[in-house]
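Q: Mind having a look at this structure? Questions to follow.
Each reported figure results from applying straightforward, stated rules to the coordinates on display, with no laboratory input. Predicted model only: the values in this text are computed from it and were never measured. Neighbour counts run over all protein chains shown; Cβ positions are idealised from the backbone, glycine included.
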Amino acid sequence: MQDSLLFRMPLVARFLTLFCGLTLSTAVLASDTPQVSLKTSMGEIVLELDQEKAPKTVANFLQYVKSGHYKGLIFHRVINDFMIQGGGMDEKMIPRRTNKPVQNEAKNGLLNVPYSVAMARTQDPNSATSQFFINVAENTNLDYPGRDGFGYTVFGKVISGQEVVDKIKGVMVDDVRGNQNVPVMPIVIKSATIVKQ
């Protein structure tokens with residue numbers, strides 16, 4: 001009787017060890033969120049991305065980060081009390097080539113609140129490519145379902161550098177080559193790097 005109990009114990013112990021290990025590793029993976037550092041001419045902004053609620057959007061954004069797409073681009077649209085937008089144009093207001101658009105994921109429960117990061121798009125809800133914006137106000141009109149039944153996909157938040165966002169939102173802007181609210185002094189993204197995968 002004792003021999004058979006001892007024989008079974010290592011099997012049970014091994015099962016429990018495996019089960020606990022898998023549970024813990026899944027919990028670690030679920031809580032692990034990518035972070036991206038945007039070093040700008042006005043300071044550093046660190047974004048934390050929510051790949052659980054916006055997996056396609058986060059994968060799309062990280063692809064642009066890894067390819068070096070954002071280096072040398074500017075925040076080309078700044079509206080105080082609304083948002084700061086970048087990721088699409090250089091200092092000469094020339095758009096950079098992009099990949100295929102990403103599917104709208106605005107119905108994910110994330111809201112366009114101050115310091116949240118969302119995808120810019122055209123009137124087509126599934127047209128977002130590389131351009132993103134950081135909300136600097138409660139922009140509830142951009143939340144799902146929005147005016148068009150879709151809204152704008154929030155996929156992360158600023159976890160460091162809020163003071164940089166605040167500096168950017170207050171810069172002087174003007175109309176440049178048909179574009180409105182362009183900072184008079186270009187705010188350049190010097191680098192975009194993944195600091196936590």
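Q: In whole Hz, with x marking every Gly and Pro, tabulate ³J(HN,Hα) for the stretch 108-124 from phi via Karplus 6.51 cos²θ - 1.76 cosθ + 1.60, θ = phi - 60°.
A: Ordered by residue, 3J(HN,Hα) equals 10, x, 7, 10, 7, 9, x, 6, 7, 10, 9, 8, 7, 7, 8, 5, 6 Hz.
Q: OK, next. Give the relative contact order (percent, whole number) for the stretch 40-127; include only Cα pairs under 8 Å separated by 6+ residues.
A: 24
Q: What are the ³J(HN,Hα) couplings of the stretch 91-97, residue after residue, when phi is run through the Karplus curve with 6.51, -1.76, 1.60 and θ = phi - 60°? Round to Hz, x for glycine and proline.
A: 4, 8, 6, 9, x, 9, 4
Q: To make sure I understand the rule: partners must be aspartates and glutamates, Cα under 18 Å from the Cα of Lys71, and not fewer than 8 residues away in the same chain. Which ones qualify?
A: Cross-link targets: Glu44, Asp90, Glu91.
Q: If you don't mind, there's one more thing I want to ask. HN-Hα J couplings of the stretch 50-67 from phi, Karplus 6.51/-1.76/1.60, θ = phi - 60°, integer Hz, Gly and Pro as x?
A: 9, 6, 6, 8, 9, x, 5, 5, 5, 4, 4, 4, 5, 4, 5, 4, 4, 7
Q: What residues qualify as long-range amide H neighbours of Thr40, i.e. H under 5 Å apart, gap of 5 or more or another chain, H built at 1.01 Å from N?
A: Hits under the 5 Å cutoff: Ile45, Lys190.
Q: Which lysines, on any chain, are close to Lys107 with Cα under 28 Å apart, when same-chain ones fewer than 8 places away are left out?
A: Lys53, Lys56, Lys66, Lys157, Lys169, Lys196
Q: First select every other residue whose beta carbon is under 15 angstrom from the beta carbon of Gly43; then total the charges, Lys and Arg +1, Asp and Glu -1.
A: Summing Lys and Arg as +1 and Asp and Glu as -1 gives +1.
Q: Using amide H atoms built 1.01 Å from N in the peptide plane, name the residues 5+ places from Ala137, or on other chains, whose amide H lies under 5 Å from its own.
A: Here the answer is Tyr115, since their amide H atoms fall under 5 Å of that of Ala137.
Q: Please work out the Cα center distance from the stretch 84-126 to the stretch 46-75, rounded to the nearest Å.
A: 10
Q: Under the rule of at least 5 residues apart or a separate chain, name every residue whose amide H is placed under 5 Å from the amide H of Ser160.
A: Val46
Q: Here is a further query. Please state the relative contact order of the stretch 32-196 as a whole percent: Cα pairs under 8 Å, 6+ residues apart?
A: Reported relative contact order: 35 percent.
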